[in-house]
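Encoded as structure tokens, the structure appears first; notes follow it.
The values are calculated or read from the model by the stated rules, or taken from the named source; none is laboratory data. This is a predicted model, so every value here is computed, not measured. Cβ placement follows ideal geometry from the backbone for every residue including glycine, while neighbour counts extend to all protein chains displayed. To get the accessible areas, we keep the full protein, side chains included, count just its heavy atoms, and leave off ligands, DNA and RNA. Shrake-Rupley method; radii C 1.70, N 1.55, O 1.52, S 1.80 Å.
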Amino acid sequence: SDSLTVAELAKKLNREPSEIIKKLFMLGVMATINQDLDKDAIELIATDYGVEVEEEIKIDTTDLEVYFTEDDEASMIERPSVVTIMGHVDHGKTTLLDSIRNTKVTAGEAGGITQHIGAYQVEENGKKITFLDTPGHAAFTTMRARGAKITDITILVVAADDGVKPQTVEALNHAKAANVPIIVAVNKMDKPTANPDRVMQELTEYGLVPEAWGGETVFVPISALTGEGLDNLLEMILLVGEVEEYKANPNRNAIGTVIEAQLDKGRGSVATLLVQNGTLKIGDPIVVGNTFGRVRAMVSDVGRRVKEAGPSAPVEITGLNDVPQAGDRFVVFDDEKTARQVGEIRSQQAVQAQRSEKARVSLDTLFEHM
Ligand code: GDP
Ligand code: MG
């Protein structure tokens, strides 16, 4: 707190309270032993004794969201768009993610073992695009439930030979609710039974009207299998990115979201993070969800060891003392002490919350049996 009683201040300064009262009196402040002194009075006395008053650090431990502050326009530069692929089962999400990765991540970029880290970046016309390789809806729903917005653009994959299906509608509703622009990829165009007009017609009923029909939604015919139309799709993503002007400030402490995390036998807690603002560096003191640590090692999406990761970059880190959850926010602090402080309080709070949840559940079971 910002105030101390005369007695408390005396104790801190190793003096008798009467001496403090006398000093206050000399400075024109009438005080009793249990009186609260404000910050100014405390400073006045402390300075008189030649003691410097340390500003108490104001830290928020309950909600990491408070650290997701806005940057002023001048400090921000363009950043890659972060894209998720959604759509009905078997319409080609996995095939599309794989074929973009395979055709666009060149062999020269891969640093040996190409590993799966839950997200990857590709380059098109000299600009980067980040793809989240999440298991579609599940991850999107978890992340949204936790209030963590991580996607800039959604690719809605619809098989041209199958049309709009329940999960197509579910996906477009998710994207609309999150206010995320949708690009429709009309997939499986290589099939003789492909009927893209039907897809356009059906989606128009859900408010996704093709540009060709006077609407605002971009439809791109593709074949994830043959690779046809993929360049066009990537160019459309860049175009939407340009219009939306996604920006970030690379010169600040990193903040972002956990894509996935697990316990590795040899390396301990391993977490894939999406840097959403700032630059993440080796050695950074970091709080991730209810855990904390120091960034020990970083591995890029192509399995290469890196020293830093800028806005929109996915990166795998080690050095946390526990395993966070997908959708958890992360925040880098200036010093390890603050990160530890915030992290320890948050992990205690999480344990506490778990206990009371358990207590509640056992009470419920108790009542069930009455
Ligand atoms: P997901 O469930 O949306 O991830 O769908 P998958 O990517 O697993 O694809 C389901 C099936 O459709 C697989 O057998 C794919 O090979 C096939 N498939 C995906 N894209 C295309 C395409 O463009 N053309 C054709 N002919 N088949 C495709
Ligand atoms: Mg799949």
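Table for the structure above
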| item | result |
| --- | --- |
| Nearby lysines by direct alpha-carbon distance to LYS191 (threshold 17 angstrom, same-chain neighbours under 8 apart not counted) | LYS93 |
| DSSP-defined antiparallel bridges as percent of all bridges, the chain, nearest 5 | 65 percent |
| The stretch 136-269 - charge dipole about Cα centre, Lys and Arg +1 at Cβ, Asp and Glu -1, debye rounded to 20 | 780 debye |
| Accessible area of PHE219 in the full protein assembly, 1.4 Å probe (Å², nearest 10) | 40 Å² |
| Computed label-point distance, nm, for sites THR69 and GLU205 using a 7 Å Cα→Cβ extension | 5.0 nm |
| Full-stretch length increase - GLU78, GLN262 - with 0.36 nm per residue and alpha-carbon distance subtracted | 63.1 nm |
| Gain in span if fully extended, LYS281 to LYS11, counting 0.36 nm per residue against the direct Cα distance | 93.0 nm |
| FRET efficiency estimate (nearest 0.05) - Cβ-Cβ, GLU228 to GLU344, R0 51 angstrom | 0.40 |
| Pairs from LYS176/LYS247; LYS149/LYS337; LYS165/LYS247; LYS188/LYS247; LYS281/LYS337; LYS104/LYS265 whose Cα-Cα separation, in the structure shown, is over 25 Å | LYS149/LYS337; LYS165/LYS247; LYS188/LYS247; LYS104/LYS265 |
| Cβ-Cβ FRET estimate between ASN195 and LYS247, R0 fixed at 41 Å, reported to 0.05 | 0.55 |
| Estimated FRET transfer efficiency when R0 is 56 angstrom, pair LYS176-SER3 (beta carbons, to 0.05) | 0.65 |
| Surface accessible to a 1.4 Å probe, THR47 within the full protein complex, Å² | 90 Å² |
| Heavy-atom accessible surface of the chain: percent carbon and sulfur, 1.4 Å | 50 percent |
| Relative packing of peptides 157-168, 83-94 - highest average C-beta neighbours within 10 Å first | 83-94, 157-168 |
| Heavy-atom accessible area order for LYS265, LYS337, LYS39, largest first, 1.4 Å probe | LYS265, LYS337, LYS39 |
| Cα-based reach from LYS22 at 22 Å (exclusive), listing lysines while leaving out same-chain residues under 8 positions away | LYS11, LYS12, LYS39 |
| Simple spin-label estimate for THR103 and ALA297 in nanometres, 7 Å along Cα-Cβ | 3.4 nm |
